[in-house]
Amino acid sequence: MQFLHLILANKRIEALNNSILEAKHVQFLDLQNNNIVDIAVLTQFANLVKLNVSKNKIKAVTIFGNDDVFPNLKWLDLSNNKYTELTGFKCPKLEVLDIGFNKLEKINESWVGHPNIRVLKTVDNKFKSIQIFKDMPKLEELYIEANVVSSIVGYETMPKLRRLHMRRNRIEKFEDELPPHESLTYINLRGNKVSDLAQVEKLYVTFPNLVDINVLGNPVEKSLPSFNLLIAEVLIKNPKVKRFSKVEITDQNKLEAVYLAKYRWTKAEEERKRKEEEERKKAEAEAANAE
């Protein structure tokens, strides 16, 4: 009976030689936290569904861009290695890809997106834009924490994107009149530089189904006297929000938003009536003077 899982994590492996081919039938291979530089021999593992080679010293991942290799691979972790360039991935069944913690900045011309990836993790790299992840029609979750992104432009090429994690980037504001995106429900902007609620409110127009927003560590978090008041302001503009900056929205929050909106409406009405009365008295005075 053949085994389907092979776990060789934390074994201080320096190199993969042909002896590993005795296990080329496995579907799950865990080689994380070794000292492996070259993984070319793994192209003969045609049955692989899940491959973890994170925390090694891999210098090139171009094997994943070759035709006819890894035909069944669905899950791939290449994080924490030594390659310096984002290259293309064929792997026709690939759904989950982690390329984080590689300080990636260069993009090879072979990278053209991927038709089937659903989850992409690219934490702690040096990418400046999410536009490089275009042509990914099935992408549902993008984790691009700790890069150098200053704009959310690019999401429009990801029609199924539901979760956008952009913690610790360089976002200060959002462009006006961005194309609407119906699928996104969660955005994490923690640790960016968004300064005021007017910027946050743009997101409600762009992402009408947004229900979970995180702006902790942004200047906007301290823009009002209390956090509850900030939540109330958010709910007035977008009552669909269910979670704000890691806080679940309660009935009390909703009630405070209603009271705040009513108070503002009452004050606005009083001001409107006061101005109308001033205009009326002014008109009467002018009419009397005309006589």
Projected onto their principal axes, the Cα atoms of the chain stretch, largest extent first, over whole-Å spans of 109, 38, 28
If every Lys and Arg gets +1 and every Asp and Glu gets -1 at its Cβ, then about the Cα centre the chain yields a dipole, in debye to the nearest 20, of 960 debye
Diffusion coefficient in µm²/s returned for region 3-76 by Stokes-Einstein, Kirkwood Rh over C-alpha pairs, 20 °C and 1.002 mPa s, is 175 µm²/s
For region 86-103, Karplus-derived ³J(HN,Hα) couplings (6.51, -1.76, 1.60; θ = phi - 60°; whole Hz; x for glycine and proline) come out as 7, 10, x, 10, 8, 5, x, 9, 4, 10, 10, 9, 10, 10, x, 6, 10, 6
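Determine how many Å³ per residue the convex hull of the Cα atoms of region 62-218 encloses.
Numbers: hull volume 15.2 nm³, N = 157.
Once divided by residue count, the hull of region 62-218 is 97 Å³.
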Residue-ordered couplings for region 75-85, obtained by feeding phi - 60° into the Karplus form 6.51 cos²θ - 1.76 cosθ + 1.60 and rounding to whole Hz (Gly and Pro as x), are 9, 9, 10, 10, 5, 6, 10, 10, 6, 10, 9
Bounding extents of region 228-291 in its principal axis frame from Cα atoms, largest first in Å, are 67, 15, 15
Once normalised by the length of the chain, the mean sequence separation of its alpha carbon contacts under 8 Å that are 6 or more apart gives a contact order in percent of 8 percent
Summing -39500 (n - 2.57) over every DSSP H run of at least 4 in the chain, dividing by its residue total and rounding to the nearest 500, the 222 nm mean residue ellipticity is -7000 deg cm²/dmol
Simple spin-label estimate for Ile7/Glu278, 7 Å along Cα→Cβ, in nm, reads 7.5 nm
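Considering Cα pairs under 8 angstrom that are at least six residues apart, work out the relative contact order of region 216-275 and quote it in whole percent. Show your work: numbers first, answer last.
Values: 26 pairs, mean separation 17.1, N = 60.
Dividing the mean separation by the residue count of region 216-275 yields 28 percent.
Coordinate-derived values only; no laboratory data. In this text the structure is predicted, and so the values were computed from the model without any measurement. Cβ sites come from the backbone with ideal geometry, for glycine too, and all protein chains shown count toward neighbours.
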